[in-house]
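Note sheet for the following structure.
Just so it is clear, none of the values below were taken in a lab; they were calculated from the coordinates. As the structure is a prediction and not an experimental result, all values here were calculated from the model. Ideal geometry is used to build each Cβ from the backbone, glycine not excepted, and the neighbour counts take in all protein chains shown.
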Ligand code: SAM
């Protein structure tokens, strides 16, 4: 009989966020496949777990998955853990899961901590429908294009982010998505946990200081563009960015302006008037 592949969630900061079941399963399996064996050893030591570990990370995922499948087929039980949170969510685990399923091996999830749901439930943004986009592209051009694709998604947008890119991502999000409510959830479950709430433009300013942009982060963005009450300067900035984006996409200026205006709930004439007034002020 083949063994079982367990996908075991581990804490995202606070060691108490480990379930009784996770501790039992990690103690019972034949081997634990870890993203970083040294990192996971600290968790295992904390819970007095002495199970053998083996590395399984993005650089050796392919060959390791084949090797782990052989072990499963020979009747061994394997648990996969990542450095933090739920395996296979922006972490290794997907490939082995797919291979196990394709080979008739039982896959059992052991749920627990996960950064995106932890962030969302306390964000105050709508939870009824959400879109998880993983990590946005590192390069601004690709990131802006991805954000443009998601502009009309009728759901709270959720992304994983790190301290070095958060300011640039917020700036791009503001320019491409327009002004929206957003939340940056930082250092979840840790001592300095923080939910920074505000408009995209405000958060972009706040996180442009390296002092504020520390630790791991989840960025959440409301689905609706703020239609009124935004300053004239912000509105013009948004129109300008959208027109530039649509022109980059291949539309001529007139069509780009029309499309930008429609997205912002303005007539083309209104959008045009604002751009002209802005140019007059330059
Ligand atoms: N598999 C993990 C999960 O279930 O959430 C995610 C792993 S992914 C490689 C790491 C990213 O998750 C970080 O860059 C950050 O965006 C988010 N993250 C993980 N732990 C976090 C925490 N304690 N606070 C805020 N974000 C966190």
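One table, with the values for the structure above:
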| read-out | value |
| --- | --- |
| Ranked 209, 140, criterion: other C-beta atoms within 10 Å, fewest first | 209, 140 |
| For the chain, diffusion coefficient by Stokes-Einstein and Kirkwood Rh (Cα), 25 °C, 0.890 mPa s, µm²/s | 116 |
| Value of relative contact order over the stretch 116-221, rounded to a whole percent, pairs C-alpha under 8 Å and six or more apart | 32 |
| Relative contact order (%) - the chain, alpha-carbon pairs under 8 angstrom, separation at least six | 16 |
| Packing-based ranking, highest mean first, of 161-171, 15-25 given that Cβ atoms within 10 Å are counted | 161-171, 15-25 |
| For the stretch 232-281: relative contact order, % (alpha-carbon pairs under 8 angstrom, 6 or more apart) | 35 |
| Cα-based equivalent ellipsoid of the stretch 232-281: semi-axis lengths in Å, sorted from largest, via gyration tensor | 16, 11, 10 |
| 0 to 90° range, to nearest 10: angle between helix 37-46 axis and the chain longest Cα axis | 70 |
| Two-decimal Rg to Rh for the stretch 208-253 - Kirkwood Rh, Cα set | 1.11 |
| Hydrodynamic radius (Kirkwood) for the stretch 116-221, which is based on Cα pairs only, to one decimal in Å | 13.5 |
| Helix-only CD estimate at 222 nm, as mean residue ellipticity for the chain, using -39500 (n - 2.57) per DSSP H run (n ≥ 4) | -12500 deg cm²/dmol |
| Simple spin-label estimate for residue 208 and residue 131 in nanometres, 7 Å along Cα-Cβ | 2.7 |
| Between helix 140-149 and the chain: long-axis angle, C-alpha atoms, 0 to 90°, nearest 10 | 80 |
| Relative frequency of Cα-Cα separations exceeding 19 Å in the stretch 96-155, percent | 58 |
| Exposure proxy order (Cβ contacts within 10 Å, fewest to most) of 42, 190, 245 | 42, 190, 245 |
| Fluctuation leader among 28, 247, 211 - the chain, Gaussian network, Cα springs under 10 angstrom | 211 |
| On Cα atoms only, tilt of 61-73 relative to the major axis of the chain in degrees | 40 |
| Antiparallel bridge percentage (DSSP; both residues within the chain; nearest 5) | 45 |
